[in-house]
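As structure tokens, the structure follows; a few thoughts come after it.
The values are calculated or read from the model by the stated rules, or taken from the named source; none is laboratory data. The shown structure was predicted, so the numbers you read here are calculated from the model rather than taken from an experiment. Neighbour counts are summed over all protein chains in view; Cβ atoms, including those assigned to glycine, are modelled from backbone coordinates with ideal geometry.
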Amino acid sequence: MNYILVTGGAGYIGSHTCVELIEAGFNPIIVDNFSNSEKFVIDRIEEITGKKPILLEGDCGNNPWLTDATKKYKIDGCIHFAAFKAVGESTKEPLKYFENNIGSTLSILKWMKTSGCKNLVFSSSCTVYGQPDILPVTEQSPKKPAESPYGRTKQMCEDIIEDYYKSDKNIKALALRYFNPIGAHPSALIGELPLGVPNNLVPFITQTAAGIREKLTVFGNDYDTPDGTCIRDYIHVVDLALAHVSAIQFLINKDESLVDFINVGTGVGNSVLEVINTFEQVNGVQLNYEIGERRSGDIEKVYADASYINKILCWATRKSLEQALEDAWRWQKAINKRAYKI
Ligand code: NAD
Ligand code: UD1
């Protein structure tokens with residue numbers, strides 16, 4: 001039946017991945033405790049695909065429960081999204097982040113051993129590279145000391161998975177290092193649901209355009225970049241979801257065990273001002289913004305060398321920055337219409 005366990009499958013990237021898994025013929029089994037997501041997302045996945053994913057509501061860090069709840073399925077692979085991800089909060093409550101992000105990963109590895117599931121895709125982040133010395137960033141770029149407990153959990157989980165692999169050569173694992181996921185499903189039925197004031201650029205832009213925030217502050221325009229603002233590699237969340245489908249297919253078809261680390265980005269960097277201008281242009285909306293101080297801890301520029309993922313997973317981005325910003329705005333308008341609490 002090709003069941004895939006998707007921890008955190010009701011979240012932003014997880015929900016888009018469940019849609020693409022279903023479209024590709026897989027049966028996602030979502031494990032989510034809804035600590036940072038809403039239950040209606042499960043119905044929305046059904047609305048988009050015509051198929052309701054199986055939901056196991058609970059904490060994937062609770063291994064006895066997980067093992068018990070999944071006993072009746074033969075699960076071919078696991079995509080482990082579940083984690084806390086707020087960088088600022090992680091500096092104030094580091095133990096919460098170590099407990100959830102490391103704890104859930106340990107629990108999943110134990111679950112793989114007992115369930116016999118061999119294939120793991122892990123959600124990592126380009127944050128493991130810090131400010132790289134050479135751009136674009138290849139997978140060989142050295143990891144830099146983490147800027148936050150959140151970033152450290154990603155580095156630690158990568159190390160834990162690698163160490164575990166050395167002890168159990170039956171497993172096949174890929175850690176996908178995401179660059180900056182943005183946008184939403186074109187149906188505007190699922191998208192990002194930031195709690196409180198968003199830290200990330202695109203949700204702040206859409207909420208400002210919607211009048212929820214008064215003004216966007218551009219964090220610094222005196223960086224060593226063409227227009228002085230920071231550069232990132234923004235990837236459409238649907239493209240990122242498709243990378244997970246390719247990754248899980250790759251692992252299932254692979255005979256030999258492996259552990260590997262793969263950048264998932266477009267290979268193109270865009271500045272903050274380029275994102276703002278593109279958003280205004282494609283959506284015909286004017287954004288209220290001002291130039292402010294630099295944000296402490298910000299990386300000046302980072303974008304992926306995507307040649308490894310292009311080659312190994314035969315995957316490349318299909319969607320443009322324009323489409324991502326159109327979809328992000330369509331999603332924001334849909335949230336407003338339904339008066340979803342923000
Ligand atoms: P999200 O918060 O929208 O989704 C995470 C989901 O996991 C939520 O539905 C939450 O309820 C659930 N969850 C958290 N802890 C859980 C637990 N112990 N048991 C069960 N469910 C749990 O986050 P996202 O943006 O979809 O990110 C998914 C993954 O990708 C995370 O590991 C995140 O660190 C990583 N990542 C995200 C980004 C980004 O910009 N969004 C960038 C790089 C890496
Ligand atoms: C943040 C996280 C990083 C995580 C990544 C992907 C921090 C320090 N880092 O990085 O760990 O992997 O998200 O989700 O939080 N910007 C503004 N004004 C705003 C918001 C952002 O100018 O109101 C700028 C930032 O300075 C940055 C760019 O927009 O240059 C993107 O910011 P953001 O969306 O927060 O992503 P990252 O900084 O890449």
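Residues that are more than 11 Å from ligand 1 (Cβ to nearest atom) and either within 20 Å of the chain's Cα centre (by Cα) or aliphatic (A, V, I, L, M) (or both) were ranked within the range 68-90; the one that is surrounded by the most Cβ atoms within 10 Å (Cβ to Cβ) is Cys78. Here Glu47 passes the criteria (1) touching a Ser or Thr at 6+ places or on another chain (Cβ under 9 Å); (2) acidic (Asp, Glu); (3) assigned to a loop (DSSP other than H, G, I, E, B) except the one numbered (3). The set of residues in the range 191-210 that are assigned to a loop (DSSP other than H, G, I, E, B), surrounded by fewer than 22 Cβ atoms within 10 Å (Cβ to Cβ), small (Gly, Ala, Ser) and touching a helix residue (DSSP H, G or I) at 6+ places or on another chain (Cβ under 9 Å) contains only Ala210.
Within the option set Thr127, Thr138, being of a type in the set (S, T, N, Q) and away from ligand 2 (no atom under 16 Å from the Cβ) holds for one residue only, Thr138. Of the numbered criteria (1) surrounded by 18 or more Cβ atoms within 10 Å (Cβ to Cβ); (2) more than 8 Å from ligand 1 (Cβ to nearest atom); (3) at pLDDT 95 or above, the one Asn63 fails is (3).
Residues in the range 211-230 that are away from ligand 1 (no atom under 16 Å from the Cβ) and surrounded by 16 or more Cβ atoms within 10 Å (Cβ to Cβ): 10 in all.
I'd like to know if the range 52-68 contains one or more residues that are within 16 Å of Ala10 (Cα to Cα) and free of Cβ contacts under 8 Å to residues at least 12 places away in the same chain. Yes - at least one qualifying residue is present in the range 52-68.
Number of residues in the range 275-288 that are away from ligand 2 (no atom under 16 Å from the Cβ) and surrounded by 13 or more Cβ atoms within 10 Å (Cβ to Cβ) equals 3.
Regarding Asp163, is this residue within 16 Å of ligand 1 (Cβ to nearest atom), part of a helix (DSSP H, G or I), surrounded by fewer than 18 Cβ atoms within 10 Å (Cβ to Cβ) and of a type in the set (Asp, Glu)? Considered against the rule, which asks whether it is within 16 Å of ligand 1 (Cβ to nearest atom), part of a helix (DSSP H, G or I), surrounded by fewer than 18 Cβ atoms within 10 Å (Cβ to Cβ) and of a type in the set (Asp, Glu), Asp163 comes out as no. Residues in the range 97-109 include at least one that is modelled with pLDDT of 95 or more, more than 22 Å from Gly77 (Cα to Cα) and buried (at least 23 other Cβ atoms within 10 Å of the Cβ).
I'd like the full set of residues that are touching a helix residue (DSSP H, G or I) at 6+ places or on another chain (Cβ under 9 Å) and assigned to a loop (DSSP other than H, G, I, E, B), limited to the range 119-131. Even if it seems obvious, please write down each step before you answer.
Here is the first cut: in the range 119-131, the ones touching a helix residue (DSSP H, G or I) at 6+ places or on another chain (Cβ under 9 Å) are 119-125, 127-128, 130.
If the condition is that a residue be touching a helix residue (DSSP H, G or I) at 6+ places or on another chain (Cβ under 9 Å) and assigned to a loop (DSSP other than H, G, I, E, B), then Gly130 is the only one that fits.
Among the residues of the range 260-274, is any surrounded by 14 or more Cβ atoms within 10 Å (Cβ to Cβ), over 19 Å from the mean Cα position of the chain (by Cα) and within 16 Å of ligand 1 (Cβ to nearest atom)? Don't jump to the end; show me each part of the working.
Our first condition is that a residue be surrounded by 14 or more Cβ atoms within 10 Å (Cβ to Cβ); within the range 260-274, this holds for 260-274.
Cutting the leftovers down to over 19 Å from the mean Cα position of the chain (by Cα) gives us 271-274.
Next, only the ones that are within 16 Å of ligand 1 (Cβ to nearest atom) stay: 272.
Yes - at least one qualifying residue is present in the range 260-274.
Here the range 1-18 is the region considered, the condition is being surrounded by fewer than 24 Cβ atoms within 10 Å (Cβ to Cβ) and away from ligand 2 (no atom under 16 Å from the Cβ), and the residue that is nearest to Ile335 (Cα to Cα) is Tyr3.
Exactly one residue out of Ile309, Ile291 is at pLDDT 95 or above, within 16 Å of ligand 2 (Cβ to nearest atom), touching a strand residue (DSSP E or B) at 6+ places or on another chain (Cβ under 6 Å) and not acidic (Asp, Glu): that is Ile291.
The single condition among (1) under 20 Å from the mean Cα position of the chain (by Cα); (2) buried (at least 19 other Cβ atoms within 10 Å of the Cβ); (3) under 21 Å from Ile160 (Cα atoms); (4) away from ligand 2 (no atom under 16 Å from the Cβ) that Met112 does not satisfy is (1). Quick check: anything in the range 174-190 part of a loop (DSSP other than H, G, I, E, B), over 28 Å from Val268 (Cα atoms) and modelled with pLDDT of 95 or more? The answer is no; no qualifying residue exists.
It is to be established whether one or more residues within the range 28-40 are part of a helix (DSSP H, G or I) and either within 16 Å of ligand 2 (Cβ to nearest atom) or touching a residue at least 40 places away in the same chain (Cβ under 8 Å) (or both). No, every residue in the range 28-40 fails to be part of a helix (DSSP H, G or I) and either within 16 Å of ligand 2 (Cβ to nearest atom) or touching a residue at least 40 places away in the same chain (Cβ under 8 Å) (or both). Figure legend. Inter-residue proximity from the range 173-194: first residues closer than 25 Å to Gly151 by Cβ, second residues among the basic types (Lys, Arg) and part of a strand (DSSP E or B), beta-carbon distance below 7 Å, spacing 6+ or different chains. Indicated pairs: Phe179/Arg232; Asn180/Arg232.
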